[in-house]
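The values are calculated or read from the model by the stated rules, or taken from the named source; none is laboratory data. This one's a predicted model, so the numbers in the text were calculated from it and none came from an experiment. With ideal geometry, Cβ positions are generated from the backbone for all residues, glycine too; neighbour counts draw on all protein chains shown. Accessible surface is based on the protein model in full, side chains and every heavy atom, while ligands, DNA and RNA are left aside. Shrake-Rupley method; radii C 1.70, N 1.55, O 1.52, S 1.80 Å.
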Amino acid sequence: MPEPRRRAIVPQLIVAVLLGGLAFAVTVQVRGNDSEAYSTLRQTELVELLRSLDAANERASQQVDELTRTRDELASSSQQSQAAQRQADKRASQLGILAGTLGARGPGVELTITDPQDDVNAAVLLDAVEELRDAGAEAIVVNGTARVVAQTYFVDEGDEVRVGGRTVTRPFVIEAIGDPDTLAEAMRIRGGLLDRVENSGGTLDIDTRDTVTITALADTQDPEYAQPSS
């Protein structure tokens, strides 16, 4: 059993035990009184005994009500805590995908750029990434190793291209997670990536995928100037 769930259940068990013990104590008291010789008591004593029993029963009833409310509050608090934890975990996963610190999986496209004349450079790859983002891509990787995030830069290095901290070589393969049809159509828009690759003497193959799996993580670095605002 997970530790948070165990901590939530223990207080409820304590309340249940207290309720049971209280009911047992009242039962024992009543049964004990039944065994006494009431015939030897005077009328005033019997009246006082009845009043005492009524008062004890009222106190017991109040205690039962209080313990029941405590149990219900504990149960509600536990459910709210679990819901909040699930929401926090979901949000952390979403941010991790966007920041490139977590792998991602989902439908998308695979773009393969073949470039015999080596004219497709860093600027073309950057255009491809920007067009994918504009079309709603949520996670992008180049050649399976270079995860693309907001801080990723593209620089030409001879016949190769540096994408962030990774060097990628031809053919360039770009995988993106998002709506497959929307991403594919965005690549074919007149004047877009397809036209630019073909004008450079290359070819662009666009394949839609039911599942694209991205395992590469972004190269992270601590900010030099930016600090939390609060």
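Placing +1 on each Lys and Arg Cβ and -1 on each Asp and Glu Cβ, with no other charges, gives the range 182-230 a dipole about its Cα centre of roughly 220 debye. Charged side chains reduced to their Cβ positions (Lys and Arg at +1, Asp and Glu at -1) give the range 107-230 a dipole of some 160 debye around its Cα centre.
Tally up the carbon and sulfur contribution to the accessible surface of the range 104-159 as a whole percent, 1.4 Å probe, everything protein left in place. That share works out to 43 percent.
Centre-to-centre separation between the Cα atoms of the range 132-159 and those of the range 162-230: 4 Å.
Over the range 41-176, accessible surface divided per residue gives 59 Å², non-protein components excluded, 1.4 Å probe. In terms of modelled amide H atoms, which long-range or inter-chain residues lie less than 5 Å from the amide H of Ser200? Amide H neighbours of Ser200, under 5 Å, 5+ apart: none.
Expressed in Å, the radius of gyration and Dmax of the Cα atoms of the range 108-230 are 14.7, 52. Using Cβ point charges alone (K and R +1, D and E -1), the dipole size of the range 143-197 about the Cα centre works out to roughly 80 debye.
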